[in-house]
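Only one structure is covered here, and it is reproduced in the block below.
The values are calculated or read from the model by the stated rules, or taken from the named source; none is laboratory data. All of these numbers come straight from a predicted model, not from anything done at the bench. We place every Cβ from the backbone using ideal geometry, glycine too, and count neighbours over all the protein chains shown. Remember, those area values only see protein heavy atoms, side chains included, never the ligands or the DNA or RNA. Shrake-Rupley method; radii C 1.70, N 1.55, O 1.52, S 1.80 Å.
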Amino acid sequence: MSKLSTKHLLGIKELTADDINLILATADSFKDVINRPIKKVPSLRDITIANLFFENSTRTKLSFELAEKRLSADVVNFSSSSSSVKKGETLIDTVNNILAMKVDMVVMRHPNPGAAVFLSKHINAKIINAGDGAHEHPTQALLDAFSIKEKLGNIKGKKIVIVGDILHSRVALSNIFCLQKLGAEVMVCGPTTLIPKYITSLGVKVEHNLRKALEWCDVANMLRIQLERQEIKYFPSLREYTMLFGLNKQLLDSLSKKIVIMHPGPINRGVEITSDVADSDQSIILEQVENGVAVRMAVLFLLAGRV
Ligand code: CP
């Protein structure tokens, strides 16, 4: 297979296992490119891409921009905090004005779940979801899958636990869809209040004891506690959360096997993960960031139809 089955990347849910494997294989080639002395290819030379960020981002925004520039696309960046959105302009009007400037692809992060799907129904450009509220963050799941495959050789049959704030996490949902499509077993672990009831209907295991979850898994993906999305208190205190669900070096070293540690960032050091774990040789957190550029190059290249 050399083509994706979809026109947009709205979520992992819509992708087939073949789509995901094609993206990962293409990212492999682009990883070679970005490790060469000349890190640029002319693949998207006549394509214009707008990066629309209606919510804060460091990794995703920089990674997409770098991926686009490595592919020789023309890039425009939009940040809602310094735009006419502040004067009341709607999402559709904002995007239509940008498209009037002849933009071919739109990468969008938005706080509202479904914003990318909405846009794809109203706009004649290829849409890539860079995170929509607590819904999906497809390129994060793809770079996570790429990083697990790179570290462990394969994803099929591997056991991955996602720890923490599952309720507010687009990373968790996209990872669950992606890893299951690739044949992994997925568990979620966290306080009862941060694990949505519907999660078992997705075929994932649920565990509330961190040590048991870590003994079960090959890979632990430690999520950030998203205090900005929590309108009510889901646990008594951060200190208690850290005592029950935070990963420290003593716990990591006491496990019966060496597991791989991941985190999508940004890290709350000392809350969900201590610095010595984040910076340990079992952590692949910076490899995830590096792989993000190659994976996003693959997504942009395949959606642009240059195959
Ligand atoms: N992982 C991630 O989405 O990070 P940013 O919010 O910094 O983009």
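Just a few scattered comments:
- On Cα atoms only, tilt of 138-152 relative to the major axis of the chain in degrees: 60 degrees
- Potential lengthening between LYS156 and SER29 on full extension [0.36 nm per residue; Cα-Cα distance subtracted]: 43.6 nm
- Legend: calculated FRET efficiency, MET101 to LEU244, from the Cβ-Cβ distance at R0 = 45 Å, rounded to 0.05, equals 0.35.
- Residue-normalised convex hull volume from the C-alpha trace of the stretch 55-152: 113 Å³ per residue.
- Each part reduced to its alpha carbon centroid, the stretch 41-64 and the stretch 76-118 end up 13 Å apart.
- Evaluated on the chain, the Kirkwood hydrodynamic radius is 19.8 Å, with distances taken between all distinct Cα atoms.
- Rounded accessible area per residue of the chain, 1.4 Å, Å²: 44 Å²
- The stretch 138-286: C-alpha pair distances exceeding 17 Å, %: 57 percent
- Solvent-accessible area assigned to carbon and sulfur over the stretch 138-286 amounts to 53 percent, based on a 1.4 Å probe.
- Whole-angstrom gap from the stretch 245-259 to the stretch 157-175, using each part's C-alpha centre: 18 Å
- Shown here for the stretch 20-124: trypsin sites (Lys or Arg not before Pro) in loop regions (DSSP other than H, G, I, E, B) with at most 12 other Cβ atoms within 10 Å, namely LYS40, ARG45, LYS102.
- Relative contact order computed over the chain (Cα-Cα under 8 Å; 6+ residues apart), in percent: 21 percent
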